[in-house]
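Below you'll find the structure, written out as structure tokens, and then a few comments.
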Amino acid sequence: MARKEITRIAKIQLKGGQAKPGPELASIGINMADFTKKFNEQSKDRMGEVVPCVITAYNDRTFEFVIKTSPVAFMLKKAAKIELGAKNQKTEKVGKISREKALEIARYKLVDLNANDEEAALRMVAGTAKQMGIEIEGVDPMPVSRKAINEATTLVRDTSTVKFDASVDVSVCLNLDTAQANQQLRGAVSLPHGNGKTVKILALAEGDEATSAKASGADFVGGKEKLDEIKEVFKTRKEVPSKLNNKIELVVIEEYDLDKLANALFVLRQAKGMTLTEASSLVRLPNYFASMLLKQKQADGYVGGIEMTTRDTLKPALQIIKSAPGFNSVTSLMLMERGPESYVWGDCALIPDPSAQELADTARNAAIFARQLAFDSLNVAFLSYSTAGSGIGPSADKARSAVALLAQDQKFIGTADSEYQFDSAFVPAVRDQKHPASTLEKKPADIYIFPNLDAGNIGYKIAQRLGGFEATGPLLVGMNQPVNDLSRGASVDDIVNVAYLTAVQALPIK
């Protein structure tokens, strides 16, 4: 019997209990009548609500789907009893809700938000409300802790280690309106295992504050003339704000040399039937434009998906950038952090039932990614209900086959010697009892490869909710150049974290 293959993973929104066959479902390539029947039955208790749904379609037109909680924006409009948000959130307020109502929404959405507790989820809800012109009584979406410049300089100096010493350009293709303050990308992320490189601190200060900053250890002190140049990418000239710092270098898609990009795309895809006319239209789309920038070596990484499906993010990347040599599949990783602990887990988001080769590919890519993050060691554990042959069955056999494939893979830079139960992989004392001949170092494994998507997805969410881990991802691996897909509900923090890790993926391995 031929193995089913995934043809598409689609993220769509439907009315609860009221889905009908139509063009959007037809484009996914599934049995629409069967899907709508099952979806309406599962969502009948949310009749008329906007219900996000993730559909995995297979080449035999069968499918799997998961329904998500309703979007925050929908819940806020319902709570505020309004139909539309503000056109300009700076000047227009369209509604107000209580903190209790907002907290109710935060609790409802907690399962789908990248938040560790209710307060963090509440701030995310408040951020969305602010963008819509809805006021939440007694909630600040972005609380700020203000420090004197000497305190701030000392704080940065005390945490001044960085991950990399290379210059990396990352194209963040998000269709945001950077004229709006709430849509600008800003933030910081502290990556694990700093290599000890010292950060140079720039303090924007004058007079007594400049003297204080210098005394506290700032490397450069001055006014706005010290700002580095910033690059912004806009789709059309109309998107460019009328008042823009003259230090900013603009890249406007419609003013780019699109004929050159179109010709390059045509040469790449003409054997697949693409015409020059089609290529000329496609390079005007942000996802194809960004992919061609990577192909032309004008950028090192691409983050997309805030306003497009996973399929729309991956399709041009796979067509143009393609998978890395020697890899047959594209898989995903999660970076799991808790205090000083950092681990890489995969695959938690992409392949429902990976083959032994796909498990091996995930492990090889995870080891590369961990090396890029400067992990001290690269101990890989293939998770199973069996440790070192203690159990039998197809799943354990598949894990052992993946280990055997890596043993013959000269490009694998990690250590993997067997399948492991989680306690054996994580607790050295248990490992010594169950697998005395293990070649892994006497500490928790660094990289955990899950047997299937069920285990990976459930596992990382348990670690996130019960174990207090911060989960960043999913990060796609196996591409010639890094391309990562954001959730369409991604927060600014999510975008910044994924952009930083995309930059790390673009770095050469040392």
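Rule-based calculations on the coordinates, nothing more; no lab input. Not measured: the values here are computed from a predicted model. Positions of Cβ are backbone-derived with ideal geometry, glycine not excepted, and every protein chain shown enters the neighbour counts.
Assorted remarks:
- Extension gain for Ser377 to Thr91 (0.36 nm times residue separation, less C-alpha to C-alpha distance): 97.7 nm.
- Entries of Lys11/Lys295; Lys93/Lys214; Lys20/Lys322; Lys109/Lys434; Lys295/Lys411 with Cα pairs more than 31 Å apart: Lys93/Lys214; Lys20/Lys322; Lys109/Lys434
- Karplus (6.51, -1.76, 1.60) ³J(HN,Hα), θ = phi - 60°, over the stretch 454-468, in Hz, Gly and Pro reported as x: 3, 5, x, 5, 5, x, 5, 6, 5, 4, 5, 7, 9, x, x
- Note on Tyr108 and Lys37: their simple-model spin labels are 3.1 nm apart, each label 7 Å out from Cα toward Cβ.
- Placing pseudo-labels 7 Å out from each Cα toward the beta carbon at Asn59 and Gln13 gives an inter-label distance of 3.4 nm.
- Net length gained if the chain between Gln296 and Leu84 were fully extended (0.36 nm per residue, minus Cα distance): 72.2 nm
- Difference of contour (0.36 nm per residue) and Cα-Cα distance, Glu307 to Thr211: 30.0 nm
- Simple label model, 7 Å out from Cα along Cβ direction - Arg269 to Gln357, nm: 2.6
- Ser98/Ile458 FRET efficiency (R0 35 Å; Cβ-Cβ; nearest 0.05): 0.50
- Shown here is the pair-distance distribution of the stretch 284-402: with all Cα-Cα distances grouped in 10 Å bins from zero up to the longest one, the shares run 11, 33, 34, 17, 4, 0 percent.
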